[in-house]
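Here it is, the structure in full.
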There are 2 protein chains.
Amino acid sequence: MFSGLPDSASPQNGDPSPLPISAIGEAGLLQIVQRYCPAQVVGDDAAVLAAPEGQLVVTTDVLVEGVHFSDLTTPAHAVGWRAVAANLSDLAGMGSRPQALVVGLGLPGSTPVAWVEELYQGMRDCCARWECQLVGGDLCRSPHRFVAITALGSVQPGRAIQRRRAQPGDWLVVTGPHGDARAGLELLLHPEQGSSATAAEREQLIRAHQYPRPRLDLVPLLEGIPDPLRIAGMDTSDGLADALVQVCQASGVAARIEVERIPISEALRQAFPAQAWEWALYGGEDFELLLSAEVSVAKHLLERLPGAVWIGEVTGWDPQGTVWLKDGQALSRQQAFQHF
Amino acid sequence: MFSGLPDSASPQNGDPSPLPISAIGEAGLLQIVQRYCPAQVVGDDAAVLAAPEGQLVVTTDVLVEGVHFSDLTTPAHAVGWRAVAANLSDLAGMGSRPQALVVGLGLPGSTPVAWVEELYQGMRDCCARWECQLVGGDLCRSPHRFVAITALGSVQPGRAIQRRRAQPGDWLVVTGPHGDARAGLELLLHPEQGSSATAAEREQLIRAHQYPRPRLDLVPLLEGIPDPLRIAGMDTSDGLADALVQVCQASGVAARIEVERIPISEALRQAFPAQAWEWALYGGEDFELLLSAEVSVAKHLLERLPGAVWIGEVTGWDPQGTVWLKDGQALSRQQAFQHF
């Protein structure tokens, strides 16, 4: 997303020469890392877990230094939190309950031991908040830092949220404000910007970037809806516009949305009035959810899910999956995040 | 393991300018990759699978270019095969049946499209051989290529192979020859070496490095043994010496092994007579298994598992986990693979 960032060394509390992991070796590093895993799953070739109730849901996400994070924008604790949160958001986007996750870590030998400890602390804090267990992983040497997480969850058969399940007549709902994470990144990269916002507002935007909150609070609400449950949607990690187009294309439906209904925080309006709408649609990494459901289900969620708002509806079948704006223009994915 | 290898471009059948993935973009790359996944799991935030029978087993392994593979030693198809095989070997090392795997891939934009296709073909071929499904993944830009795989399997409760379950009186069994993979790597890095072996022997060693075969043939044999089943062990991917010491330390037992019983292939003896024993103990990446079981179970496996041989026995309790050689010396992990 923000390429070309310098591969700078992490300043560790002013310590001019933090202890690198090459100094403690693999065994020393493993000892540190294993503190963050439950004792009963450590030390074998794989972790053994209870089988999930219902169906098994599995997702994987990779974060790469200089692409998804850098010491400039994301302290190690936040890298760990975000890496876990991104995976838990995918589980939320399936309507599934998290169970466990494993982490593959690539690290240069020069990586400070403290960076690895803070990374694991961030992963553990995010896991603990949403009652998910870190059950194992793999460490290896790499020219660049990266974090590859796989998360496992469970969902009752036939009740997963899927992109292809939207139908004409559905209401489109988003679970919260969009654009804050992109604004927070901007403030981290260019601290001189957004000066029209208060310090608290700027802090809120930075926090949205560094400490996103997956919308797993949706899951118990869905579990309370009796069978049959048909619900479409996905998380908005690649941007709300991307999610809208993906759901409509996968379902073969057209939708009409009212852009001005998309929730935008006061902080974003104050800090970046000119970019607010663009970032709300195309910024990405807010880790909210876009949902498409029949009116009664949508109303049920709108009444109970904090931050959820109606933004439009599915108007008919359409193999192109067009998302119409109020003024008759079609929404483009063009500005959406391209990984390559 | 072999650092400092050049990050050379892959020669694609003599094509001087293979199409890079940056030319087809993320959408084009996703289209290619999705051909290798079953249609019903593609396109959502996560894959939805049947819950495993028994307990869920999860393992993750990361391969990094220049550390675990390079264009010099490993064509893309073999990188894919090995990445899957390493994970399946961990499942075999738990006595579990593979079910599914997900792959996280980091790629520079300059990576040839053909390299990615061959990588996926290799992963699919290895999955197909051991009846495991590739169910999803994540692609992202990275300064270096890496492959992060998570594999899921299942095992009946209480019947997993674990390192800590060895007991005095157990026989120690290895499932096949050791050292070939290390010799194959040597031949790839230094083709002028090992010239005392025949072309077929050299080919066998190279194949051991590029196309390891996880010992999942053990799993149905274990399933045929009635309850209760106590079996200790692990895979030997980090070297047989490492596995011996790990099992003894985790179980708190001492063992005595007869080094000359460790199976060494004729190819290895011919190509590298001076290094054969060292590589058999410390070479790693043979992806065989070390098992520790009571005599009746060990005999059952020795009679039925191709290549399996007795190499020693567990002699008593020992908090240090000492592995004694015949001449009264203790086996060292010192030469074992250090990732950092």
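In deg cm²/dmol and to the nearest 500, what is the mean residue ellipticity at 222 nm of the protein assembly as shown if only DSSP H runs of at least 4 residues count, each as -39500 (n - 2.57), divided by the residue total? Before the final figure, lay out the partial values.
Values: 20 runs with 218 residues, N = 680.
Dividing the helical sum by the residues of the protein assembly as shown leaves -9500 deg cm²/dmol.
Under the rule of at least 5 residues apart or a separate chain, name every residue whose amide H is placed under 5 Å from the amide H of B:V57.
When sequence neighbours closer than 5 places are left aside, the close amide H contacts are A:L49, B:G153, B:S154, B:V155.
Give me, ordered by chain and number, the residues 5 or more places off B:F287 or on other chains with an amide H under 5 Å from its own placed amide H.
Here the answer is B:T236, B:S237, since their amide H atoms fall under 5 Å of that of B:F287.
Something else now. Rounded to the nearest 20 Debye, what is the dipole magnitude of the protein assembly as shown about its Cα centre when Lys and Arg each give +1 and Asp and Glu each give -1 at the C-beta?
Roughly 800 debye for the protein assembly as shown.
Which distances in nm, rounded to one decimal and ordered from shortest, link the label point of B:E131 to the equivalent label points in the other identical copies, with labels set 7 Å from Cα toward Cβ?
Listed shortest first, these distances are 3.6 nm.
Quick one: net charge around A:D138, please, counting Lys, Arg +1 and Asp, Glu -1 for every other residue with C-beta under 10 Å from its C-beta. Write down the numbers at each step before the final one.
Values: positive: none; negative: B:D61, B:D90.
Result for the neighbourhood of A:D138: -2.
Going by how many other beta carbons lie within 10 Å of each one, how would you line up A:S142, A:S265, A:S332, fewest first?
On the way: A:S142 28, A:S265 20, A:S332 13.
Taking fewest neighbouring Cβ atoms as first place, the list is A:S332, A:S265, A:S142.
Turning to a different aspect of this structure: Counting only DSSP beta bridges with both residues in the protein assembly as shown, what percent are antiparallel, rounded to the nearest 5? Spell out each step's value before the answer.
Numbers: 86 of 110 bridges.
Approximately 80 percent, going by the DSSP bridge assignments.
If the only charges are +1 at each Lys and Arg Cβ and -1 at each Asp and Glu Cβ, what is the size of the charge dipole of region A:163-324 around the Cα centre, to the nearest 20 debye? Provide the component values of the computation, followed by the final result.
Details: 14 positive and 23 negative charges, 54 e Å.
For this selection, approximately 260 debye.
Rounded to the nearest 5, what is the percent of antiparallel bridges among the DSSP beta bridges in chain B?
Working: 40 of 52 bridges.
About 75 percent, rounded to the nearest 5.
Shortest first and in nm to one decimal, what separations exist between B:I225 and its copies in the other chains, measuring from label points 7 Å along the Cα-to-beta-carbon line?
Those separations, rounded to one decimal, come out as 4.9 nm.
Given the options B:G252, A:L185, A:V79, identify the residue whose Cα lies farthest towards the positive end of the charge dipole of the protein assembly as shown (+1 on Cβ of Lys, Arg; -1 on Cβ of Asp, Glu).
Projecting each Cα onto the dipole axis, the largest value belongs to B:G252.
Per residue and in cubic angstrom, what volume does the convex hull of the Cα atoms of region B:21-155 have? Please report the intermediate quantities before stating the final value.
On the way: hull volume 13.2 nm³, N = 135.
Hull volume over Cα atoms, normalised by residue count, gives 98 Å³.
Calculate the FRET efficiency for B:R269 and A:A27 from the Cβ-Cβ distance with a Förster distance of 30 Å, rounded to the nearest 0.05. Each step should come with its number before you reach the end.
Values: r = 32 Å, r/R0 = 1.08.
My answer for the efficiency is 0.40.
Now, a different point. Give me a single rounded figure for B:133-145: the average over its residues of other chain Cβ atoms within 10 Å of their Cβ.
On the way: counts 0, 0, 3, 5, 6, 12, 3, 11, 10, 13, 10, 6, 0.
Averaged over the peptide's residues, the number is 6.
Additional query: 5 Å is the cut-off here: which amide hydrogens, built 1.01 Å from N in the peptide plane, fall below it relative to B:Q133, excluding neighbours closer than 5 in sequence?
For B:Q133, the qualifying residues are B:A100, B:L101.
Using the 7 Å Cα-to-Cβ label point, sort the distances from A:L325 to its equivalents in the other copies shortest first and give them in nm to one decimal.
Sorted ascending, the copy-to-copy spacings read 7.5 nm.
If one takes the longest principal axis of the Cα atoms in chain B, at what angle in degrees, from 0 to 90 and to the nearest 10, does the Cα axis of helix B:199-210 lie?
80
Could you tell me which of A:C127, A:Q99, A:L29 has its Cα farthest along the dipole of region A:24-155 towards the positive end, charges placed at Cβ (Lys, Arg +1; Asp, Glu -1), taken about the Cα centre?
It is A:C127, whose Cα lies furthest towards the positive end.
If you take every residue apart from B:A151 with its C-beta less than 15 Å away from the C-beta of B:A151, what net charge results, scoring Lys and Arg +1 and Asp and Glu -1?
Spelling it out: positives minus negatives among the neighbours equals -2.
Stokes-Einstein at 4 °C, 1.567 mPa s, Kirkwood radius from Cα pairs: D for region A:221-340 in µm² s⁻¹? Numbers along the way, then the final one.
Working: Rh = 15.1 Å.
Taking Rh from Cα pairs, D becomes 86 µm²/s.
Could you line up A:R145, A:R202 from fewest to most neighbouring Cβ atoms inside 10 Å?
On the way: A:R145 24, A:R202 21.
Going from sparsest to densest Cβ surroundings: A:R202, A:R145.
What is the average number of partner chain Cβ atoms found within 10 Å of a Cβ in A:94-107? It would help to have the intermediate numbers written out before the result.
Values: counts 5, 1, 3, 0, 0, 2, 2, 3, 7, 4, 11, 3, 9, 3.
Across A:94-107, the average partner-chain Cβ count within 10 Å equals 4.
What distance in nm lies between label points placed 7 Å from Cα along the C-beta direction at A:T315 and B:W317?
A separation of 7.7 nm, rounded to one decimal place.
Which percentage, to the nearest 5, of the DSSP beta bridges contained in region B:21-155 is antiparallel? Don't skip to the answer; put the middle values down first.
Numbers: 19 of 28 bridges.
For region B:21-155, the DSSP antiparallel bridge percentage is about 70.
Still on this model: Work out the length of the dipole vector of chain A about its Cα centre, built from +1 on the beta-carbon of each Lys and Arg and -1 on the beta-carbon of each Asp and Glu, and round it to the nearest 20 debye. Mind dumping the intermediate values first?
Values: 24 positive and 39 negative charges, 100 e Å.
Once rounded to the nearest 20, the dipole reads 480 debye.
Right, something else. For B:G43, what charge total do you get from the other residues with a beta carbon under 12 Å from its beta carbon, if Lys and Arg give +1 and Asp and Glu give -1?
On the way: positive: A:R163, A:R164, A:R165; negative: B:D44, B:D45.
With Lys, Arg at +1 and Asp, Glu at -1, the net is +1.
Per the Kirkwood treatment, what hydrodynamic radius in Å, one decimal, follows for the protein assembly as shown from the mean inverse distance over all distinct Cα pairs?
Working: mean 1/r = 0.0381 Å⁻¹.
Averaging 1/r across every pair of different Cα atoms and inverting gives 26.2 Å.
Straight-line reach from A:K326: which lysines fall under 23 Å, measuring Cα to Cα and dropping same-chain residues less than 8 apart?
A:K299
Oh, and also: For region B:230-243, in order, what is each residue's ³J(HN,Hα) by Karplus, 6.51 cos²θ - 1.76 cosθ + 1.60 with θ = phi - 60°, in whole Hz (x at glycine and Pro)?
10, 9, 10, x, 5, 7, 9, 5, 8, x, 5, 4, 4, 5
Between A:S89, A:S154, A:S110, where does the largest GNM mean-square fluctuation fall for chain A, given springs only between Cα atoms within less than 10 Å?
A:S110
Every number in this text was worked out from the coordinates using simple rules, so none of it is lab data. Fair warning: this is a prediction, and the values are worked out from it, not measured in the lab. Glycine gets a Cβ as well: all are built from the backbone with ideal geometry, and neighbour counts include every protein chain shown.
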